[in-house]
Structure formats: C-alpha cells, structure tokens
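The values are calculated or read from the model by the stated rules, or taken from the named source; none is laboratory data. Quick caveat, the model's predicted, so the values are computed rather than measured. Cβ atoms come from the backbone with ideal geometry, glycine included; neighbour counts cover every protein chain shown. Just so you know, the surface numbers come from the protein's heavy atoms only, side chains and all, with ligands and any DNA or RNA stripped out. Shrake-Rupley method; radii C 1.70, N 1.55, O 1.52, S 1.80 Å.
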Amino acid sequence: MADCLFCSIIAGTTPAQIVLETPEVVGFLDIRPVFKGHTLIVPREHVPTMVEMTDELLVPLFGAARSVASAVRTAFDAQGSFVAVNNVVSQSVPHLHVHVVPRTKGDGLRGFFWPRTKYADESEAAEYAGKLRAALAD
C-alpha cells in the first residue's frame, strides 16, 4: 500500500533496524520502544488488522513472534516478554503488527500503560538490532 509506513519499511524506502526477514514477514525495532529491544513483526503483505489475516499467514507471523520472544531473553537478559496485537484501537499504523517487548520483573510496566523511551542514537539502535539478529541466528 503506497501510503503505509510499514509497507515502506518492507520495501526498503523507509529506514528501519531490521532484525528478522522471512518470505512472509519482517521484524524491526519500534522507533518508540516501551523498552529497548521492542520489536514489531509485520506481514510483508499489507493486512490492516488481525481480522483480515489469512490462515496461511498465522503460522509465519506468530512463529516469527515466538522466535523473537525467545531471542529477546538471550539478547537482553530479559526474563520474558510481552507479546501483543492491537486491532484498530491503539493501532498507530493500520498494518497488522505484533509487538514483542522484552520484560524483566520490576521493570515498571503496569497493565497497559506503556511508558516510552528512546534510543540514544542510530548506533545504539543498531547495537540492539544486531543483538537480536545474533540471537535469532542461534
């Protein structure tokens, strides 16, 4: 879709810290992460919400989310992760995406209040993306 930010990232016309690429999905760092390492997993095909997702996309999308959920534990010494999908409400980009957020007990995340942070610069974001890529390769 021409005016979709995530389609633009998938096409390579908008820069992003890519951590995962398969024929069906792409994973990249959220530019406004809840915690550093917060990753978005998106289908390459423009699908607005989970409701429009095909059965054929279910396994590749959530398989990638499962892989990233495991990788954030290795890459960032996280104890676990928060995995979520917004549908329309709170969905800032109308392209289906799965959030994978590294979690550690006592990290301050309570309920659905998502405080945001920033990477210091592109170098720090690249470092986090590299750690995830390495963990996903294992």
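Entry note, the chain: the mean residue ellipticity at 222 nm calculated from DSSP H runs of n ≥ 4, each adding -39500 (n - 2.57), is -10500 deg cm²/dmol after division by the residues and rounding to the nearest 500.
Seen against the Cα atoms of the chain and their longest principal axis, helix 55-76 is set at about 20 degrees. Heavy-atom accessible area, probed at 1.4 angstrom with all protein chains present, ranks 116, 73 as 73, 116, highest first. Taking 0.36 nm per residue of sequence separation and removing the Cα-Cα distance, the residue 52/residue 74 pair yields an extension gain of 4.7 nm.
Counting only residues 5 or more places away or on other chains, whose amide H sits under 5 Å from the amide H of residue 17 once H atoms are built in the peptide plane? HN-HN under 5 Å from residue 17: 29. A simple rule links phi to the HN-Hα coupling: the Karplus curve 6.51 cos²θ - 1.76 cosθ + 1.60 with θ = phi - 60°, which for the stretch 85-95 gives 10, 8, 10, 6, 5, 6, 9, 5, 10, x, 9 Hz, with x for Gly and Pro. In the chain, the longest principal axis of the Cα atoms and the axis of helix 122-137 are about 80 degrees apart.
Each 10 Å bin from zero holds the following percent of Cα-Cα pairs in the chain: 12, 45, 36, 6, 0. Accessible surface area normalised per residue over the chain is 55 Å², counting heavy atoms of protein chains with a 1.4 Å rolling probe. Near residue 103, the amide H atoms lying under 5 Å from its own belong to 79, 80, 81, 82; only residues 5 or more places off or on other chains count, and H is placed 1.01 Å from N.
Remark: the chain carries a charge dipole of roughly 580 debye about the Cα centre, counting +1 on each Lys and Arg Cβ and -1 on each Asp and Glu Cβ.
Placing unit charges on each Cβ (+1 for Lys and Arg, -1 for Asp and Glu) gives the chain a dipole about its Cα centre, and among 16, 120, 67 the Cα reaching farthest toward its positive end belongs to 120.
When the accessible area of the chain is split by element with a 1.4 Å probe, what percent falls to carbon and sulfur?
Using a 1.4 Å probe with all protein chains present, the chain comes out at 54 percent carbon and sulfur.
The convex hull of the Cα atoms of the stretch 61-134, projected and averaged over all directions, covers 5.7 nm².
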